Each structure stands twice: as structure tokens, then as C-alpha cells.
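Contents: one structure, followed by commentary.
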Amino acid sequence: MVNPMSKKVVFSLGDPSAEKILNSILPLLESKDWEFYGITGNLLEKKITSLGRIEDISATGVFEILPKIPRIFKVRGNLLRFLEREKPQILVAMDSPGFNLPLIKEAKKLGVKRVVYFILPQVWAWKESRKYHLAQYADVLISILPFEREYFKEFPHVEFHFVGHPSVELLDKIPTETPKGCYFVIFPGSRKNEIKKHAKVLYQATSIAVKELGLKAVLLTFKNFKGLLKPLRKLSKVVYLDENPQKGLFLIKHAKFGWIKSGTTALETALLETPHLIFYKTNPLTHFLAKRLVKVPHLHLANIVLGERVVPELLQGELTPKNLLKTTYHILEIGDYQRDQFRILKKLLNPKGGSVLKRIAEIIRGEMEKF
């Protein structure tokens, strides 16, 4: 039930990693005068009033997103109707630029007073023109990467904050005790289309690796992918991240090495100082378009920030069982070098030290205090 007397913040997010961060920030924002609404997953569904589900809008790639278009428009419609009817004071858009950039434009038209954009579109990688859209419709930009400020210097009217990367702080809380046994971790992805592309190759490589290396395999996945990963599950100990995400991070931290799908989990693996390689396979047409649009030479954010390919990247046709095994032997040789570089990475992503989460919360609370 919406209280017409309460002030309101709406959070728009479309990725589990953004939900994880917001889940950690919410306790720092709670106020009897404010109500929180937004797009939710399992972490947030009981903490804020849901206007849609993350899994309905979470997708990557031009062609992979097509089947989700009806659900995306349904969630977008729910949000817009809420903004028009309830006139919330603040909209906090988190990442997901394909969904959120059009949304912040509509929000301003509908009278939302303050728009905060947190986890900025990667204008440094592609579609730099998006910065003009942000400058026109966002009041506050909260950046988690040290080099993004350069792209927004020409917009002095927009409030810009570099706060550091929340994962540096969140991962510091992972216990350091050593689990029993020697193992490597496999993370095949968090989306159905990714699992379909990766499952067979990972199964073939794992069946060889467990014999050649004498290590156990630990598969980190989600319950709704059980069927797609059935052969690989038979070779591995399985940990379901929707049941215990912290256990997954604990196992990554203490693994001998990891095979990690490119994305947030890859950055977390680097910040946990675990040697690893990354892989990614997408629709060939999506890859063809991306190769021509993307301006950075690396996919892994750790490689981008460090300015060199510290972590091997196996992409598209390079992702074969033979290459996975060959590259695994390589990362076992350079493990100490990777760990040294990952320690440098942590300093680059939180140069001020202290709590990143508190800095983010203070900025949002500062907006709340204006009303």
C-alpha cells in the first residue's frame, strides 16, 4: 500500500551485481519519512516494494535480448506509471544503460526532481555519445572507476563523484580460513543464453582437467540452470549461488585457480586475488558488431584498469577444451604475478581507502535531505 504522505525513492536496476550492492547500501538509507520502491530480485524482494523483476530485464547482446522485449516493456510500463502516479522525489538508476537511459529521460518529463545515476554506462568503451544524454537528464553521477571523470569534465553543471568500487569493500569481509581439499572453480555465467554457449566446452575440458591436474572441480551456478548443466554437475561439486552467494565467494577466494565467465564475477575473482582466466561466447553477429563498436583492447575490467592482459581471455572460437587446458597451465605458472597485480588493482579501485558503501549512501542521503 502506497502512503501518499511518505517521500519516495525509486531504484531502477537490471543486474544481480547491482542488487547485491544496493542490498548493502539500503540499511544506511533507512528513514521513517521515506519509502523505497524498485526493480527487485531475491535479495531485495522483501526489503523494498517491487515494481518489476530483475530477471525480466537482465540480458546481454543485441540478439539475446529479443525474446525478453515483451517483459522489458512490461517492467518499463510499470515503472513509468508509478513515476507518473506517485511523483517520487528521487530516481536512482543503477547500471543497465539500455533500460535506464531512456527511463531517466521519461522520469524528468514526468516531474521526478532528482535523478541519480550510479554505475555509469561504459562510455569509455563504446557509445561515448551517451555521456551527453546523462549530462542532460541526470543530476548526480556516481562513478566506481578512476578514469571515468575525464569523460564528464565538460559538464560542470552535473554533480560527479568517484567513490571507488564497492566490490573492494564487500569482498574484504570474506573469511580467510582454508577449506578442505584442493580444487578449482568454474563459473559458467548467470544468464541462460550464456550457459547454453559455455556448458559443452566446460564439460569437455573439466573431464580432462580433473584427471590431469588431480584437482576437484567446484561448479558455481544457480538452481534454474540444473538441466542445462547436468553433464558438468556430474563431474563437480555444485554450489548454488542463489542459496549461498557468500559461500561461492569463499570458495573462489581459496581456489587453486578459476575458469570464470567474463563479467562481475571475474572482477570479484581478481579482487579476491585468485589466479584465473576468463571466457565468453556470444551470438556471432553480436560479437561481430561488438568488435567494431568497442574501443578497448580487453574484456576483463581488471585488464582494462591495469592496462595490460594480466588475465588471459578466451573469447568466441578461442574457447575450446584444448585452449582452456593450455591456458590453465599458463595461469598456474604466472599465479604469483597475477596475485601481485590484483593487489595493485585493489588500490586503484579504492584509492581513498575507507568505506565505499558509506560514500555512496552519503551521496544518496544528501539527495534525500533536500526534500
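The values are calculated or read from the model by the stated rules, or taken from the named source; none is laboratory data. Small disclaimer: the values here were computed from a predicted structure and weren't measured. Cβ placement follows ideal geometry from the backbone for every residue including glycine, while neighbour counts extend to all protein chains displayed.
Would you check which residues across the range 174-199 are touching a helix residue (DSSP H, G or I) at 6+ places or on another chain (Cβ under 8 Å) and either surrounded by fewer than 18 Cβ atoms within 10 Å (Cβ to Cβ) or assigned to a loop (DSSP other than H, G, I, E, B) (or both) and list them?
If we filter the range 174-199 for residues that are touching a helix residue (DSSP H, G or I) at 6+ places or on another chain (Cβ under 8 Å), which is where we start, we get 174-176, 179, 183-190, 192, 195, 199.
Answer for the range 174-199, where residues must be touching a helix residue (DSSP H, G or I) at 6+ places or on another chain (Cβ under 8 Å) and either surrounded by fewer than 18 Cβ atoms within 10 Å (Cβ to Cβ) or assigned to a loop (DSSP other than H, G, I, E, B) (or both): I174, P175, T176, P179, P188, G189, S190, K192.
When residues of the range 330-354 are filtered for being part of a loop (DSSP other than H, G, I, E, B) and under 19 Å from the mean Cα position of the chain (by Cα), how many remain? If you could, list the steps in order and put the result at the bottom.
Step one: filter the range 330-354 for residues part of a loop (DSSP other than H, G, I, E, B), giving 334, 350-354.
With the extra rule that they be under 19 Å from the mean Cα position of the chain (by Cα), the set shrinks to 350.
Here the count works out to 1.
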Quiz item: Got a number for residues in the range 116-135 being buried (at least 16 other Cβ atoms within 10 Å of the Cβ) and among the polar types (S, T, N, Q)?
Solution: 1
Exercise. Name the single residue, out of those in the range 140-173 being in a loop (DSSP other than H, G, I, E, B) and more than 23 Å from G366 (Cβ to Cβ), that is farthest from the chain's Cα centre (by Cα).
Key: E154
Quiz item: Quick check, is S12 in a strand (DSSP E or B), surrounded by fewer than 19 Cβ atoms within 10 Å (Cβ to Cβ) and out of contact with any Cys (no Cβ under 8 Å at 6 or more places or on another chain)?
Solution: no
Quiz item: Within the range 63-94, can you find the residues that are modelled with pLDDT under 95 and closer than 21 Å to K127 by Cα?
Solution: F63, E64, I65, L66
Quiz item: On the given criteria, is T269 assigned to a loop (DSSP other than H, G, I, E, B) and in contact with a Phe, Trp or Tyr (Cβ under 9 Å, 6 or more places away or on another chain)?
Solution: no
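Just one of K247, K261 is surrounded by 20 or more Cβ atoms within 10 Å (Cβ to Cβ) and either modelled with pLDDT of 95 or more or of a type outside the set (V, I, T) (or both); which is it? Write out each step before concluding.
Working: K247 fails: surrounded by 20 or more Cβ atoms within 10 Å (Cβ to Cβ).
On inspection, the qualifying residue turns out to be K261.
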Practice problem: Go through L171, L202, L215, L220 for me and flag whichever is touching a Gly at 6+ places or on another chain (Cβ under 7 Å), surrounded by 14 or more Cβ atoms within 10 Å (Cβ to Cβ), under 20 Å from I278 (Cα atoms) and among the hydrophobic types (A, V, I, L, M, F, W, C). | Solution: L220
Self-check item: Unique match (being more than 24 Å from I363 (Cα to Cα), surrounded by fewer than 22 Cβ atoms within 10 Å (Cβ to Cβ) and touching a strand residue (DSSP E or B) at 6+ places or on another chain (Cβ under 6 Å)) among N78, N42
Solution: N78
Practice problem: Enumerate the helices (runs of 4 or more DSSP H) found wholly within the range 18-113, keeping only those where 1 or more residues are closer than 25 Å to N244 by Cβ. | Solution: 54-57
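Does S17 satisfy the condition of being touching a Leu at 6+ places or on another chain (Cβ under 6 Å) and small (G, A, S)?
So S17 does not fit the description; no.
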Quiz item: Which one of S50, S24 is surrounded by fewer than 19 Cβ atoms within 10 Å (Cβ to Cβ) and under 22 Å from M5 (Cα atoms)?
Solution: S50
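Is it the case that I57 is within 15 Å of the chain's Cα centre (by Cα) and not hydroxyl-bearing (S, T, Y)?
On the way: within 15 Å of the chain's Cα centre (by Cα): yes; not hydroxyl-bearing (S, T, Y): yes.
Considered against the rule, which asks whether it is within 15 Å of the chain's Cα centre (by Cα) and not hydroxyl-bearing (S, T, Y), I57 comes out as yes.
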Practice problem: List every residue pair whose Cβ atoms lie under 6 Å apart, where the two residues are 6 or more positions apart in sequence or sit on different chains, the first residue falls within the range 359-371 and is on the phi > 0 side of the Ramachandran plot, and the second residue, located anywhere, is surrounded by 14 or more Cβ atoms within 10 Å (Cβ to Cβ) and of a type in the set (S, T, N, Q). | Solution: none
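Look through K256, K230, K237, K261 and report the one residue that is in the same structural domain as S190 (by TED's automatic domain parsing) and under 19 Å from I334 (Cα atoms).
On the way: K230 fails: under 19 Å from I334 (Cα atoms); K237 fails: under 19 Å from I334 (Cα atoms); K261 fails: under 19 Å from I334 (Cα atoms).
Checking each option against the conditions leaves just K256.
Filter the range 292-329 for residues that are in a helix (DSSP H, G or I), of a type in the set (S, T, N, Q) and touching a residue at least 60 places away in the same chain (Cβ under 8 Å) and give the result. Write out each step before concluding.
Residues of the range 292-329 in a helix (DSSP H, G or I): 292-293, 301-306, 316-318, 321-329.
Narrowing further to those that are of a type in the set (S, T, N, Q): 303, 316, 323, 327-328.
The answer is T328, and nothing else.
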Quiz item: Given I144, I119, which one is within 30 Å of L306 (Cα to Cα) and touching an Asp or Glu at 6+ places or on another chain (Cβ under 6 Å)?
Solution: I119
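Name the single residue, out of those in the range 276-292 being touching a helix residue (DSSP H, G or I) at 6+ places or on another chain (Cβ under 9 Å) and over 13 Å from N303 (Cα atoms), that is modelled with the lowest pLDDT.
First pass over the range 276-292, keeping only residues touching a helix residue (DSSP H, G or I) at 6+ places or on another chain (Cβ under 9 Å): 276-284, 287.
The next check asks that each one be over 13 Å from N303 (Cα atoms); those that pass are 279-284, 287.
Values: F279: 97, Y280: 94, K281: 91, T282: 83, N283: 75, P284: 70, H287: 61.
This residue is H287.
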